[in-house]
Every structure is written in C-alpha cells, then in structure tokens.
Amino acid sequence: SGETERENMGIGTNDWDALLLRSEELVKQDADLPRVQRDIYQVEQFSQYLSTKVRQGDPTSSYNAASRLLATEGLNPRQYTLALQNFQVMPTYEENSERGADVQTYVEQVHNALSSKAIQVAHENAMQSFEKHIDAYLDATWQREKKALFDSGDPYAAPVPQGGGHRDQGLAPATHVLRGKAARYADVVKEMNKAISNNTKLESAVGMFAEACKVGSTTTKDASGTTLLRLWQISEKMLRDVRSIPAAASLQKTALMIDGTRSYLEENFQGHMENVVQSHRTVAALGGYPDKARLVEAYLRVKESRSRDRLDFDAPGGVDTVWARIYFCIRSGFIRDALEIIKRKVRNDQSTSAGEWIEEWINGGCKPLTGDLAASALAESEKLLATQQRVAPAGAPSELRSCYIAAICALAAGSSRCADCLSRDYPGFFPTIEDYVWFRLTLVRVDDAGSGIGAGSNGPYTLADFQSQINQYSSDHYSKGGQEPLLYAAVLLMSLQAEKAVEYLATNPKTHEFRVDAVHFAICFWYHRFIAPSESSVASKTVKQYAYSLTHRDILLALEYYIITGLVMGGSTDLKGRLLKELLTESHAYGVLLGSGGASADGGALERFFPERASRLQILESVAHECASDAQFEEAVELYMVAERPEQALHLLNNRIAEAIEASSMDFGSDQVVADLSSRAETAASYIRARDESSEREKETFRELLIIHKIVQRARSPGNDPGVLEHLWDLSFVPVDRHHLQSCVNALRGAHPAVIGLIQPVLLAGGEALARLNKPEQLHVLVSFAAAIPDRISQQAYQKLSEYQTRLG
C-alpha cells in the first residue's frame, strides 16, 4: 500500500485517466477503505481550492510581519494604510486632452470643468442654506406657538377658578397661584405693605427684590450676558440710603444716586480686571498676595501685551504707565492707591501742571473742580489732545501717557468737550458702555457751587445733558437690534432714567418675558422715591394692570397689589376709592375684603391696610359713591351698609323701589322685586340711629312708597276699590276735601323725588276707585288737585280723570 502511494505521488496531475485507474486498483486492494463518491468535476474543484489555500498562506501573519518591519524603521503602518485609502490619482493634461489638442481647446476644457464644479458647489451650498433656513423657520414657529400657548392664560400665573358672589360673606380666598420668582416678589410686596400700614421703614426693599430674583430662579440673561439680577444690583447700589433723604433735597438725592451708580461701575470694573488677570496668568505675572496697585499693574501687562514693549514698573525706561495706573485706580475705586502713586510720581513731574490740583480733586470725591483749578485742568486736557492729534501716531508709546492725562484732566474740569474728543479720536478708550457711562457720570455736576466747565458756555455738565446724549439713539442701538434688551435697560438705570427703564421693560416687544419684573421695578422705585407718584405714568399703569390680573385668581394678593397701586398713583382718598370699587365689583368678594360690617364687626382683609376705623369707613363710603354714580346700585347699597351709612343705602333703595312700583303699575314688573327691595330697605331703616332731617325724610319716604305699592297693587285687582281709598287717604299729600287742597299741593312739592314720580299712577288708581264707588265730591277735589300740579301729571292722565268726573256728573 505504501509503495502504491509513493507511485501515485509521481504521476502527473494532468493525467486524469491514469489517476482514475490507479484509484480503482487501490480500492480493490483494500475493501475496508471508505468510499467517496465524487465525480471528476468535484475532484477538480476541491483540488483547486486546496492549491489556492496553499499558495495564499496566512494573511494575518504577513500583515503583522510587515507592521513589525515598518515599526523598526520608525514608521506608522496605520497612517500609511489611511494614506493609501485616501490617495487619489490626478490625471495629467496629456491623459485628459485629446491627442494634438491646442492651448485654446485645453482652456475650454478647463473652463467647462471649473464651471461644472462651481455649479455643483453652488447647488450644494444652496441646498444647505435652504435646509438651514427651513430648520430655523420651523424652530422659530415652534417657539412662537409654544410661547403663545403659555401666554394664552397668563404670563405669570395659572388660572384657578374662584366661585362665590357678592352676598357670600364666607367667601374663601383662592389658592395662591403665582410661581417661582413672581411668588417671591409678592412676598416682598406683602412685607412692604405691612411696613407701610405699621408706619415703619423697610430696610432695603430693593435688596429684598434682588434676593427674590436671585434665590431659586434660573438666570435669565440676554446675548450680552446682562441678567435681571444685575439690574437689581445696579438699583440696589444706586438707591442705597436714598429713602432717608427728604423729598425736597432733590440735589442731594441725585448726587447720592450718581455716587451709588459710580460705585457699582467701579466694583464691576474691579471684577473685570480680576477676570482678565485670571485668564492671562502668565502675561499678567501677578504673583502671590497682591494688593490693589499690583492688580492694576497686572491688568496693564495684559492690556498692553500686544505692543510687546516693556512697561516702566517692570523695567526702568519702559513705557510710562504712571497716568494709566492712576486712571485705572480711580476707575476701580482704589482712591488710596491712586494718591500713593501721585505722591511718588506726580508731585515733582514738571511736564504737566496736574500736580497742582489732582490731589485736591481726588480728595474731593473726584467731583469736578471750580474756578481757576478747573480752567487749568481744562487747558491741560485740550493742549494734550491737540498735541497728540498732530504728532503722535496711533499706538505710539507716548499715546498711552497723554490719553490718560487728558482723560483725568477732563474729569477734573468736568469738560464734556474733551470727553467728546476722546470718544471721537480714540474710539478704543471707552471699550464698553459701562466705561462710557462711568466717565460721563464723573463729569456730572449736581451742586450749584461756583462755575464749572460744562457742555458749552451755558453752564456745567449736568445730568440732563448726559441723559440727552444717551437718548440720542434708539433702544436698538444699545441692544443690537433687540438681541440684548437687558443691556439697554441697564444703560437707562445707570443714567438715572428709572421711568424710561420701567416703560421699556413693560411695553417693548423684545422684553415680553420681563413684564413681571417691570411691575416690581416700578414698585421698588416708587418706594425709594426714585419715581414720583402719578396716575398717568406707565409705571403706575403697569402696576395697576398686574393687580387687575390677579382679581379673579387670588383676591387677597390682588388686594395687596391694589393697595400698592393706590400709593404709586398718588394715594388720594378718591383714588383709593376708585381702585377698591374696581376690586370689589370685579371679584364680588365682599365678605373677604370688607368683613361682616357693622360697628362691632371685623373689617375683613381691608382692616389690615386701614386699621383706623374712620379712614376705613371714609374709603368705603367713597367706593359706594363711585358705584352709585356708575349705576351699580347693588354694590353701592352693600358698601353703604358696611360703611355705616344706612340712610344713604335707604336713599338708593327708595329710588329702586319707586322704579319697581312704576313698572308694576304698567304691568312691566313683578311685585316680588318690590318685596325684596322693601325687605332690604326695612333692614337699612332699622340701622338708622340718627334723628336728623334727612334720615327721617328717608324713613317717611319708605313708608309712603309702601302705601303707594299697596294702592297700585289693589288697583290691579277688581273689587278692591274700598282698599284703594283706605290707603289713598293715608298719603299726607292727597287732599280729602277742598280745605286741604293748597296745603297738599305744597306738601307734594317738598316730597321725595321717588314719591313725586309716582303721583300719576296714584291719582289714576284713586280716581278710578272714586268713580266706581260714586263719590263725585271727592273725585272733584282729586281732579282739582291734578289740575294744580300740571308738571307732575301727563295730559292723558288728566283727561282720564276728567272723564271719570264727567261720567259721574
């Protein structure tokens, strides 16, 4: 068998016939071998597979061997693999051009290729732009619809149904509905109302509002990074101790607010310097345990790092930064450090006259100088600016010194002309609006002492001049087309234009999400006497609108805001009456707001705001009068009763009873209406304790109206003529005989208007009853009485009475 196998190994692979014969012989020699049934094609296929596998070898081992070889040479095989995958063979000119083509043909081919490529790129860019536009449009549409959905109910509260009518004395207040920041603002308003009602002082209302904005709320900011909290912080610094200043000391109050705003801007700039130094530690080279002067030097290293010049505090003979350091010390509020630099560097400097006045200016709180010192500072500033304009190129080392000297001289002189020159010729000198505002506020003079250098020859630079410059541009100029709305609000606050800031936040479409904040800015500014009380101002209208929005949601909270609204709008008794009337008529929460009424009863929620009973009753009476003037009789009666003026309530009820009787006499009304009104009038009459003429007259009128109602009621029912006459003679102004005719005419002229208006149906009912009962003499007296009062009875009614008399006659 082994020999046969070796022989088979020597047979050629192409001699398939011989191989087949040998295989058959091999099978015959050993019958125990397994048989494999394959045809010649299967054998050929399997043989080729084995041959290919042997020739290919192991690709993994080959790849690993190649990688090791490349690694020994310091090459990265993966990088080469990626390079080969990204390799693109660029065709040459000969391959692309036709054989024998000239330059013109080549240029045309290149032109066509570039045109096709440009078209393809433009198409791709157009598709990308279109997709971005569609995405932006869909996103904007979604945001707008979502905002409209949330604002459809209320921008700051969720609607909560509140039931109950005006007669429900046990009406419970609605569940508190404000959320988040608005709820915390409301808590501050409650504390403010409590302080006002107790005649105590709230330490820092603006600080409490700032804390309410800060605690637990998400930071809302615009594109500039300005947040609502920053607006409150500006207000807090600006209004610090302002409430303690008497209202008549307007100049002192203005000076205090300017100093507070400057203090905020100085602290803000100090934080800016610290951030710049922290972000450029290597360049700043601040070192450990730095003082304020070292912080200014580190800031200057970063600020002047582009010039690559050494500065004088780092290398002797470097760029002179003495005046720059003084300026930035003043800008940051480091007054002592500025004075220290002046003592060491400026006192003996003969190149400038600033040493004569700069210490006095700084020690005076950096307020503009007066007299000869102001003139000297102005001359120095103008000389430096003019000289620098002529000889110093932009960015020159001398520019660093001259600009800051000129700026400090302009501040000391209070010269807006020099400030305008700095802004025009050196735009980078005021890199932010905060720098510009600080500089201008430092120029402002708020006292009347001496003569200063102002905007022109008319006087010193005033706060009104500064505000006029700010208002030269629209809000879009400061807010970059509305992208940074809070920045413009901050500019208005820093320029002491509180009412404009509130109006902007309350009315501008770009500030819709800050409406609630505008309300509480207005309240805060009023409390700190920053804005004057007024009924027509946007601030007061904003607060009133917010209070009205709470009327049907939380009546007690609405009352808190209505009380504040009355004070913001002026605080007069009539005004408070109108506001309370609006609150009562809208909410109908008489029980909650007014209590049960009466001398010994509680005064409801209103008692907390008007603890003095006399003032509370006066307010309620004023509200009742307003309701009566607006034909809101039901509300007026209720209020008169609570205000302990039942005679006024009875007066209104008498008029209503007279109207109901007149309608009943013409079959227009129902006797039940008269009965209900009479019941309430009887209650009001029982509360009248006074014995004066007007009270007694109202009681007598009520008694006469009841008699007239009985006459009219019986006249409508047949067979009640004796009853009609029985009640007719109970009226003191109806004559029984001729002897009382004139006295009854006189009595009628002095009767209540409600009774006079019903004389016609009374005479008609009496005349008809007398005619049926055949009493001509009494009927004649009644007709004579009607003839004596032609202005109280119509011609038709008189003719009807004459017909009754003729029928009997």
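One table, with the values for the structure above:
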{"quantity": "Search result, residues across segment 135-159 that are modelled with pLDDT under 55 and either more than 24 Å from Q545 (Cβ to Cβ) or more than 19 Å from the chain's Cα centre (by Cα) (or both)", "calculated": "P159"}
{"quantity": "Filter result for A375 (under 21 Å from G271 (Cα atoms), part of a helix (DSSP H, G or I), modelled with pLDDT of 80 or more and open to solvent by less than 60 Å² (accessible area, probe 1.4 Å))", "calculated": "no"}
{"quantity": "Residues that are surrounded by 20 or more Cβ atoms within 10 Å (Cβ to Cβ) and either within 14 Å of R680 (Cα to Cα) or at pLDDT below 80 (or both), drawn from segment 625-641", "calculated": "E626, E635, A636, V637, E638, L639, Y640, M641"}
{"quantity": "Within segment 506-551, considering residues that are part of a loop (DSSP other than H, G, I, E, B) and open to solvent by less than 60 Å² (accessible area, probe 1.4 Å), the one farthest from S479 (Cα to Cα)", "calculated": "T551"}
{"quantity": "Every residue from segment 564-590 that is aliphatic (A, V, I, L, M), over 16 Å from S549 (Cα atoms) and part of a helix (DSSP H, G or I)", "calculated": "L567, V568, L575"}
{"quantity": "Subset of segment 313-349 (residues that are of a type in the set (F, W, Y) and touching a residue at least 24 places away in the same chain (Cβ under 8 Å))", "calculated": "W323, Y327, F328, F334"}
{"quantity": "Output for segment 618-643, where each listed residue is within 19 Å of G571 (Cα to Cα) and not small (G, A, S)", "calculated": "Q618, I619, L620, E621, V623, H625, E626"}
{"quantity": "Subset of segment 565-574 that is more than 14 Å from F610 (Cα to Cα) and surrounded by fewer than 18 Cβ atoms within 10 Å (Cβ to Cβ) - its residue that is farthest from the chain's Cα centre (by Cα)", "calculated": "D574"}
{"quantity": "Test: residue in segment 734-748 that is within 21 Å of A663 (Cα to Cα) and out of contact with any Phe, Trp or Tyr (no Cβ under 8 Å at 6 or more places or on another chain)", "calculated": "no"}
{"quantity": "Any hit, segment 689-698, residues being modelled with pLDDT of 85 or more and crowded, with 20+ Cβ neighbours inside 10 Å", "calculated": "yes"}
{"quantity": "Any hit, segment 284-295, residues being assigned to a helix (DSSP H, G or I), open to solvent by 30 Å² or more (accessible area, probe 1.4 Å) and within 20 Å of W323 (Cα to Cα)", "calculated": "yes"}
{"quantity": "Within segment 552-564, tally of residues that are open to solvent by less than 30 Å² (accessible area, probe 1.4 Å) and of a type in the set (D, E, K, R)", "calculated": "2"}
{"quantity": "Which numbered condition V189 misses (of (1) at pLDDT 85 or above; (2) of a type outside the set (K, R); (3) surrounded by fewer than 15 Cβ atoms within 10 Å (Cβ to Cβ); (4) within 18 Å of I564 (Cβ to Cβ))", "calculated": "(3)"}
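The values are calculated or read from the model by the stated rules, or taken from the named source; none is laboratory data. A quick note: this is a predicted structure, and the numbers were derived from the prediction, not measured. Positions of Cβ are generated from backbone atoms using ideal geometry, with glycine treated the same way; all protein chains shown enter the neighbour counts. Ligands, DNA and RNA are excluded from the accessible area calculation, which covers all protein heavy atoms including side chains. Shrake-Rupley method; radii C 1.70, N 1.55, O 1.52, S 1.80 Å.
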